[in-house]
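Contents: one structure, followed by commentary.
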Amino acid sequence: MKKASFIPLCIAAFFVFLFLSGCLKDKCTSTYKIFSPVYKTLTQVRSGMKSGMVQPLQNTGKIYQYGQYIFLNEINKGIHVIDNSDPGAPKSISFITIPGNVDLAVKGNYLYADSYSDLVVFDIRTPTNIIAKKFVEKAFPDRGGFYWSNATNPDSIMVVVGYNERDTTVACETYRRWTSCANCSFADASGISFSAAAPQTGQGGSMARFTIVGNYLYGVSTSQLKAFDINNAADPLLSSTKNIGWSIETIFPFKDKLFIGSASGMFIYDIATPSNPSLLSQFSHVRSCDPVIADDVNAYVTLRSGTQCQGFTNQLEVLNITNLTQPSLIKTYPMTNPHGLSKDGNTLFICDGKDGLKVYNAADVKNLQLLKTITGLDTYDVIANKGIALVVAKDGLYQFDYTDLTNIKQLSKINLSK
Amino acid sequence: MKKHWILAALFSISTITAIGQTGAPVEGKKSKFSFAAIANVGLLEGEKGSDGQLQLINGLKYKSWFGGIGVGLDYYQFRSVPLFIDVRKHIIKGIPLSLYADAGIHFPWVKDGEMAGWYRTTFENGLYLDGGASYRFPVKKHALLLSAGYSVKKMEENRNTGLMCIWGDCPETLERLRYQLRRISIKAGWMF
């Protein structure tokens, strides 16, 4: 065979060999973690709901101030107890483990906290030895959590408390079934808010969904307003449940009224009959997340875009509420991405997301004067009271002294651990 | 969009430079080096079917050798941009047949439709290999090349599936997929 025709023949034969030998078979491997749930009974989980060693701040949420103490939520994990007797040097003294906790409020010697769908009452007489006294089961059913099966006995209800992980590598074509948790479904992160304005109670932030007024604890879920009788503080009793709308987010008490923020507007409820709140009026706004606070004359509502709110508006709305049955808009102020807010006298504090904390003179609500912007912090909520502003930000808990509004100074910061 | 412009600029600069340097000897006293460029278009045939490829290679010829740097588009399964070194050798005197070998990196340029869907996905660079034979048909000062070879494309994909669970801190599910795609590479090119 001629040399010239031999070489092309060899090359052709080579490609035939490739086709037949499977050299064209693609290879794909997948490496992933298998999560095997670790279970405890609900009884075991409840026995663990008590104060223990201090934990680092990692993913903080709602805040509540009670006397010299700050209770700061660690989302879905529990509550940090912080001794704030010296605002310049606040000190974590314990951590209350509460799976599924997002909201809290305090009255007297009792802390009320949600644990997924349960309402838990804690005795806080000794802040370093806080114990759970009472569990109100299914107080907030839309939170889901423990009662995904038909079991009702806490000894039979299995709770996922963690996961064992292991890596594995398989061929991509391998069929896998994702069953790495007890009952996988979408977790509703909403909860019930407390905020306290009555004596013997503390003060929550404007992002709260729990509130205590007198002898009643009020809380909002995504669509309901619930009232719990806490005359017997250790034994809350559900008094009423009202369907009040959709995408309900926050609750703020002022005197005998509740101001409720929702994605579509603000509701004002009368609690002259505390066990049975009644709707007074509603002020609608564009779809947005909206915490709300109020004083004798005005309500202040921040609207922000993003996350579950699905809106596009970022602004502060000031409403006239002298006629509570007909709240009306006075003025709108553009903001960047406002979250929680607080007011002390004529000083208004707005957490404007990444823009920081904005401090306004609100003596003339038609002409708010920006006094100072504290930058460098991504702010979530604020409690301003008697010259000290507690600010929850993405990187920690700040405290500012605003007794001299011309010279607002940072007193302290508790950093979040990475 | 930015990638489109970068690629277009890369091709344009390469083509203009190559045409400008066609056959031109490298400056120097009676240099044996000369510039050359190859533009290829072709098919990649493998288990996933057929997809297209484009290449542009610029380099230097020296006697029976050619060495250059190439860039291309590879549409097999996931779109990517290979950047590679190309080396060729004319193997038999009198027969216009060369063997070639390419080695380099694939830069992923994945289309939205190629993404996994409801995962969050990122792709990483991978290895590019190609080797085969090329037959040359002279056309005046240039040449038509017909090539056939075997090509391997390696890529890695990181998927975050965001597992839902009822109580949460839901575990984050990260999956790492490693692809080794094997194909026959058939190209028609123009050497100038």
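The values are calculated or read from the model by the stated rules, or taken from the named source; none is laboratory data. All of these numbers come straight from a predicted model, not from anything done at the bench. Here the Cβ is made from the backbone with ideal geometry for all residues, glycine too, and neighbour counts use every protein chain on show. Only protein heavy atoms, including side chains, enter the accessible area calculation; ligands, DNA and RNA are left aside. Shrake-Rupley method; radii C 1.70, N 1.55, O 1.52, S 1.80 Å.
Return the whole-Å distance between the Cα centroid of the range A:84-115 and the Cα centroid of the range A:242-291.
For the range A:84-115 versus the range A:242-291, the Cα centre distance is 25 Å.
Say each of residue A:172 and residue A:296 gets a label point 7 Å from the Cα, pointing the same way as Cα to Cβ; how far apart are those two points in nm?
With each label point 7 Å from Cα toward Cβ, the separation is 7.1 nm.
Report the accessible surface area buried between chains B and A, summing both sides, using a 1.4 Å probe on protein heavy atoms only, in Å² rounded to the nearest 100.
Details: alone 11500 and 19620 Å², together 27940 Å².
Its buried surface, counting both partners, is about 3200 Å².
Can you give the charge dipole size of the range A:253-392 about its Cα centre, rounded to the nearest 20 debye, using +1 on the beta carbon of Lys and Arg and -1 on the beta carbon of Asp and Glu? Walk me through the numbers before you get to the answer.
On the way: 11 positive and 12 negative charges, 33 e Å.
About 160 debye.
Which FRET efficiency value, to the nearest 0.05, do you get for residue A:371 and residue A:312 by plugging their Cβ-Cβ distance into 1/(1 + (r/R0)^6) with R0 = 25 Å? Don't skip to the answer; put the middle values down first.
Values: r = 28 Å, r/R0 = 1.14.
That pair, residue A:371 with residue A:312, gives E of 0.30.
How many partner chain Cβ atoms sit within 10 Å of a residue's Cβ in peptide B:173-182, on average, as a whole number?
Details: counts 6, 3, 6, 6, 6, 7, 5, 5, 5, 7.
Partner Cβ neighbours, averaged per residue: 6.
Given H placed 1.01 Å from N in the peptide plane, which residues other than close sequence neighbours of residue A:339 have an amide H under 5 Å from its amide H?
Long-range HN contacts for residue A:339: A:351, A:352, A:353.
In whole percent, and with a 1.4 Å probe on the protein chains, what portion of the accessible area of the range A:285-418 is carbon and sulfur? Don't jump to the answer; show the numbers that get you there.
Numbers: 2720 of 5730 Å².
About 47 percent, which is the carbon plus sulfur part of the accessible surface.
Can you find, among A:89, A:122, A:104, the residue sitting farthest towards the positive end of the charge dipole of the range A:87-137, where Lys and Arg contribute +1 and Asp and Glu -1 at Cβ?
Checking the options against the dipole of the range A:87-137, the answer is A:89.
In a Debye calculation with equal point scatterers on the alpha-carbon sites of the range A:316-397 and no solvent, what is log10 I(q)/I(0) at q = 0.13, 0.18 Å⁻¹?
-0.41, -0.75
For the pair residue A:36 and residue A:363, what calculated FRET efficiency results from E = 1/(1 + (r/R0)^6), where r is the Cβ-Cβ distance and R0 = 35 Å, to the nearest 0.05? Kindly include the intermediate steps, with their values, before the conclusion.
Working: r = 60 Å, r/R0 = 1.73.
With a Förster radius of 35 Å, E is 0.05.
Using a Förster distance of 41 Å, how high is the FRET efficiency between residue A:25 and residue B:69, based on the Cβ-Cβ distance and rounded to 0.05?
Working: r = 31 Å, r/R0 = 0.75.
The pair residue A:25/residue B:69 has a calculated efficiency of 0.85.
Can you compute the modelled spin-label distance between residue A:142 and residue A:410, with each label point 7 Å from Cα toward Cβ, in nm?
3.8 nm
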